Amino acid sequence: MRIDIGDLSTVVLCSVPPAQANYLQRIGRAGRRDGNALNLTVANARPHDLYFFSNPKEMITGRVEPPGVFLNASAVLERQFTAFCFDRWVESGISETALPMRLGHVLNNLEPADRRKFPHNLLYFIETHRTELLDRFIELFSDSLTEDSRDHLTRFVREEESGPGSLRYRIVEELHNLKKERHSLQNKVKLLRDRIRRKEEDPAKGKNYETELDELKREKSALQKLVSLINGRDTLNFLTDEGLIPNYAFPEAGVQLRSIIYRKKQKRQEGEGGYNTWVYEYERPAASAIAELAPANHFYAGGRKVRVDQVDMNVSQVETWRICNNCSHSELIGLEPEKSSCPNCGSMLWSDEGQKRSMVRLRQVFATTSDRESRIGDDSDEREPSFYEKQLLLDFNQEHVTDAYRLDSDDVAFGFEFLSKATFREINFGEKGEFAEKVTFAGVELPRKAFGLCRHCGKVQDHNGRIKHGLTCTSRDQESDRNLIDCVYLYRDFSSEAIRILLPVTTFTGSERKHHSFLAALQLGLKRKFEGSVDHLRITDHEEPVPETSYRKKYLVLFDTVPGGTGYLKQLMRSEQPMMEVFQLALDALKACPCNEDPEKDGCYQCLYAYKNSTRMTEISRDTAMELLSSLLRQKERLVKTDTLKNVKVNVLFDSELEARFIEALRRFRGPELDVALTKEVVNGKPGYFLKIGGMAYRV
Ligand SMILES: [Zn+2]
Ligand SMILES: [Zn+2]
Ligand SMILES: [Zn+2]
């Protein structure tokens, strides 16, 4: 949630923030006027809060990790270079009017392409100074730019590359998209103007004449204001928001919310509409917008609460995708001939109609709210915040597996591999809830409610029997639900670098504890390894079906959230050593943690708990992590290079895991009339168990 508030003297936080940096940022809103502030933090009854309740100084005086810039990340590099070109261009002595302040002028300049007008003047400058610009930029960062980065930049500015991804294309494309949008808004204004005129000229004024006319005028006024908003935008701000020049907040392109607020006039002048309207613009990073700006969700900003009620279909298309039931592969339909089975895992259900789904990539949404309703607190039917069913699906091509290592062991299936390009596709399947169609994607069967939209105008449908349309929707007067898409999912995706780690755990073991403990330990090790904040590196779970079996290999995927990757993960995979170092550092930190001295504790915030995902807190165990890490490190000499982890067999592992689970089940088995005892014993010369159930005894 983004709150835009001015001077405050007091801040009350309803929960303990995740880290010191968040804490400082939040309390820093108070006391800006005179340096005095009262800051209260409420500690809830959850482990994270309670920990800091007992050690408040750790939060208040804790070290804040400085953020870094990753020049070798392709997305960052492109922006820095574009900004560098801008600077050199301005330096070359351009005229006052060469770079219009307001976006309206820039859009008017787009066609026909005139070398004297922006952006064509800038593009012409870059074209004619290409080599010089490249050389000077590369020289500026000669000690930090890798060979790959230099190649990337060269491709980015090369003349013949005016295709997607090139500098020229990206600038022109973004501006054209906006021009298209402005055009469509202007058309709607025209349409409304005609309808208003026809209505006013119509002698037969209907019963709802006044209301309908006011509604049309209100809509027209809002759309006109949106056009002015576009025209009045600062040119450089636009380029920043679109990620064409440096934007540190979020490297992935953001999603816009346009909030329209209207209020009925108390007194109206002759010939005027009955409403006042205001429009506001907000931008959210795609990663949070997929939930925060989802259809029908509420958004809080500027002291108002608004509801997302329309998806802009001028800038988003409804796409048809096929999502595999078994693995995490998905494909946009229409690019290649359809396949009868999943090209990744071979699942025959791939071609099933049920796996074919409509998806929309959010770019821009609208919220139209009355002034009264938008006032926070005025709302009587306060809704609970929405929670969504989301999945992050990893997709990659085997050719992008560049380095892979596995343990040459019969007992433990373990390894890690570098993916130079992996696509992460996050899908929002709609609000959580029991009453929805159950669908299986990537091995997960869930009720997926999805969203409902008008195909043409993007108005959000509430499934309450009443169909909603925008006033300018072409299908407004047709009472047909054929115009609606009942079942649409939202998605976002980005490509980056990743390391896939095969865990010595299978889905059969149900061993959530091992999985989560290892995950936390990995984060601890990474933090030690990079000696600082590595917030741009995230970890997600990933499963891979094993052909001709019903079990799945469990992976952790360490990925770079900066599109294109920052080079951090590549650095970790230059041999098998750095990753083993990460594990060793994690193990050392766990062994040295003061919580070892307290027999009650199996981890604390100084070691693993700092990396918990709050809902899974109970699953994290320091001892389990230590056991896992020690066993892997003991065998580190047996780490060998391999082609891909896909071929690492887990059968052996499966046997021993199943056995372990069987023993565990026996151990837990206790009947009221049955006396069960399980003790370790040597059986047939191997370690085994002696099991006694009632009057019977077995050797296992
Ligand atoms: Zn598949
Ligand atoms: Zn419609
Ligand atoms: Zn600890």
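Quick note: the coordinates plus some simple rules give every number you see, no bench work behind them. These numbers come from a predicted model, not from an experiment. Using ideal geometry, Cβ is built from the backbone for each residue, glycine included, and neighbour counts are taken over all protein chains shown.
Listed by chain and number, the aspartates and glutamates placed with their C-alpha closer than 15 angstrom to that of Lys339 are Glu331, Asp352, Glu353; residues fewer than eight positions away on the same chain are left out. Annotation: lysines with alpha-carbon distance below 18 angstrom to Lys267 (same-chain offsets under eight excluded): Lys217.
If the Kirkwood radius is taken over C-alpha pairs of the range 10-60, then at 10 °C and 1.306 mPa s the Stokes-Einstein diffusion coefficient equals 141 µm²/s. Residue-wise HN-Hα couplings along the range 564-577, as the Karplus relation 6.51 cos²θ - 1.76 cosθ + 1.60 with θ = phi - 60° gives them from phi, are x, x, 9, x, 4, 6, 4, 4, 6, 10, 5, 8, 7, 4 Hz; Gly and Pro carry x.
Where only DSSP H runs of four or more residues are counted, the chain gives -10000 deg cm²/dmol as its mean residue ellipticity at 222 nm, each run worth -39500 (n - 2.57). For the range 596-601, the Karplus equation 6.51 cos²θ - 1.76 cosθ + 1.60, evaluated at θ = phi - 60°, returns couplings of 5, 6, 9, x, 6, 9 Hz by residue, with Gly and Pro reported as x.
Using only the C-alpha atoms of the range 104-220, find the volume of their convex hull and express it per residue in Å³. Working shown, then result.
Working: hull volume 18.3 nm³, N = 117.
In the range 104-220, the Cα hull volume divided by residue count equals 157 Å³.
In the chain, the longest principal axis of the Cα atoms and the axis of helix 74-91 are about 40 degrees apart. Helix 512-530 and the longest principal axis of the C-alpha atoms of the chain enclose an angle of approximately 70°. Computed from backbone phi with θ = phi - 60° and the Karplus coefficients 6.51, -1.76 and 1.60, the 3J(HN,Hα) list for the range 621-636 is 9, 5, 5, 4, 5, 4, 4, 4, 5, 4, 5, 6, 5, 4, 9, 5 Hz; x is used for glycine and proline.
Per q in 0.09, 0.16 Å⁻¹, report the Debye log10 I(q)/I(0) for the range 494-650, using one uniform scatterer on each alpha carbon and no solvent. Log10 I(q)/I(0), no solvent term: -0.29, -0.96.
Based on C-alpha pairs under 8 angstrom that are at least 6 apart in sequence, the chain has a relative contact order of 11 percent. Normalised by the number of residues in the range 75-248, the mean separation of alpha-carbon contacts (under 8 Å, six or more apart) gives a relative contact order of 34 percent. Look at the alpha carbon pairs under 8 Å that are at least 6 residues apart: their mean separation over the length of the range 61-168 gives a relative contact order of 29 percent. Once the Kirkwood radius over Cα pairs is known for the range 297-366, the Stokes-Einstein relation at 4 °C and 1.567 mPa s delivers a diffusion coefficient of 90 µm²/s.
When the dipole is taken about the Cα centre of the range 404-489, and only Lys, Arg (+1) and Asp, Glu (-1) are charged at their Cβ, what size is it in debye, to the nearest 20?
On the way: 13 positive and 14 negative charges, 128 e Å.
The dipole of the range 404-489 has a size of about 620 debye.
Note on the range 61-114: the C-alpha convex hull projects to 7.2 nm² when averaged across all orientations.
In terms of the ratio Rg/(2.2 N^0.38 Å) built on C-alpha atoms, what value belongs to the range 225-361?
1.47
In units of the rule-of-thumb radius 2.2 N^0.38 Å, the chain shows an alpha carbon radius of gyration of 1.11.
Structure note, pairs Lys553/Lys636; Lys188/Lys432; Lys554/Lys692: Cα-Cα distances above 25 angstrom occur for Lys188/Lys432; Lys554/Lys692.
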